[in-house]
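The values are calculated or read from the model by the stated rules, or taken from the named source; none is laboratory data. Quick caveat: nothing in here was measured; it's all calculated off a predicted structure. Don't worry about glycine lacking a Cβ; one is built from the backbone with ideal geometry, like all the others, and counts go over all protein chains shown. Side chains are part of the model used for accessible areas, which takes the heavy atoms of the whole protein and leaves out ligands, DNA and RNA. Shrake-Rupley method; radii C 1.70, N 1.55, O 1.52, S 1.80 Å.
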Amino acid sequence: MLTVNSIKRGIVIDHIESGNGLKIFEKLKLADVEFPVVLLMNVPSEKLGKKDIIKIQDEIDLDLTMLGLIDPNITINIIEDDKIIEKKKVELPKKVKGLFKCDNPRCISNSDNYAVPTFTLVDKEKVKYKCSYCDDFTYL
Amino acid sequence: MNLKGKHLIDPNDFTLEELDQIFKVAQDMEKHPKKYSEICKSKILATLFYEPSTRTRLSFESAMLRMGGNILGFADATTSSVSKGESVADTVRVVSGYADIIVMRHPKEGAPLLSSEYSSVPVINGGDGGHQHPTQTLTDLLTIKNLKGKIDDNKVALCGDLKYGRTVHSLIKTLARYKNMSFYLVSPPQLKLPTYIKEFVKNEYNAEIFETSYLEEVINEVDILYMTRIQRERFFNEEDYLKLKNSYILTRDKIKDAKEDMLIMHPLPRVNEIDYSVDDDKRAVYFKQAQYGVYVRMSLMAHLLGVV
């Protein structure tokens, strides 16, 4: 069994759906940092069958909106002195600005830099967002 | 009720009372044109038409000229700075210093909304891609009000290109706000009304919607038949257009058992979807409809400029 030491101080992103770990790793640009980080993939999980985990041995600012978009079921544990001092849940954001593109090729936001659409969540199950400019739906 | 300085991007930007006020003044403008002939004497309308539209542009220009105002603008993107890659936001910031009100037609959906975010004067959406055409909707509603006496309690068939037909998108979203409306959507399967509009109309206003590909199934039931053109310019592929272009052709024979007081409407231009023989039928009101468009645009601009 692969073992990874616990961290004294930092952040553990847990319950990441298997496969999403790498996406989060890339979005947080963890390959570029100088402090220790670990990405564990396909770890056995009672809840998910298998999951990914990211351990970050430092404090960093997390964009919870972006994390919620990638995987709304993750748990974020803040660690101090080897203990979890805070657990944060993320959820699918109700409003999103500028984090993804509108699927509609005729939408002005795909051809004009001034137009940064605000998307409104209209269906949580289907992860369906409505564009503020063209009203069309984008599925994530 | 004060509409001065507001934009019209989506017909649902206005309440039904505000729409009614615009219609009332439009009716008065038709009856008493002289009374309004100088109300915009020092005003300038900018027509920013990034794609060609003879009717809408001329209708706006006629409306402003009938109120004593002036016009400037362009009718083709190739003759404007857009050909140099300028953002509409920049264009509008400059033009709002030149004019008192702007009407924009743009092939990209949401362009007029973007413009309204950067303009210091009212922006009117003169049609954006396959999305919305709110002033056509005002025209359509005024036509129904004038010729039916009311907008409520009507069965409306919308026929043709319901996918890319922005006039239909704006119209159904607005008509659904009136009482007891039912909609019959007649289109080829490839050109059905987008789901987001159907969901909006059903969820927000509980409107009844029936879908079919056959006009014959509904033509004798409805109070209003709104025909639209299959629009060649909205297709990415010419072959797809050719397959669908003759889907619905309205002839005298097809309307022989339709209601006596049914209105046959069309936003124009038509190609072949209404046979010329239908033009003489008293139910064919599309040319009258175009004429009402001038009065409703006069009234709209006068309200946004705060001169009525």
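Annotations
- The lone exception for A:ALA115 - which of (1) surrounded by 15 or more Cβ atoms within 10 Å (Cβ to Cβ); (2) assigned by the TED database to the domain that holds A:HIS15; (3) closer than 30 Å to B:GLU117 by Cα it fails: (2)
- Scan of region B:195-221 for residues that are in a loop (DSSP other than H, G, I, E, B) and closer than 14 Å to B:LEU171 by Cβ, ordered by number: B:ALA207
- Residues located in region B:238-292, provided they are touching a Phe, Trp or Tyr at 6+ places or on another chain (Cβ under 7 Å) and assigned to a helix (DSSP H, G or I): B:TYR241
- Strands (runs of 3 or more DSSP E) fully within region A:24-101 counting 2 or more residues that are closer than 30 Å to A:CYS131 by Cβ and either over 14 Å from the mean Cα position of the chain (by Cα) or of a type outside the set (S, T, N, Q) (or both): A:83-89, A:95-97
- In the set (1) open to solvent by 20 Å² or more (accessible area, probe 1.4 Å); (2) among the aliphatic types (A, V, I, L, M); (3) away from chain A (no Cβ under 13 Å), the condition left unmet by B:ALA99 is number (1).
- Complete set of residues in region B:1-41 that are out of contact with any strand residue (DSSP E or B) (no Cβ under 8 Å at 6 or more places or on another chain), part of a loop (DSSP other than H, G, I, E, B) and without any contact (Cβ under 8 Å) to a residue 12 or more places away in the chain: B:THR15, B:HIS32
- Against the list (1) open to solvent by 20 Å² or more (accessible area, probe 1.4 Å); (2) of a type in the set (A, V, I, L, M, F, W, C); (3) more than 8 Å from chain B (Cβ to nearest Cβ), the condition A:VAL96 fails is (1).
- All positions within region B:55-77 that are open to solvent by 70 Å² or more (accessible area, probe 1.4 Å) and under 20 Å from B:LYS288 (Cβ atoms): B:ARG55, B:LEU58, B:ARG66
- Listed by position, the helices (runs of 4 or more DSSP H) contained in region B:84-177 that have at least 1 residues being in the same structural domain as B:ILE22 (by the TED database) and over 14 Å from B:ILE9 (Cβ atoms) are B:88-95.
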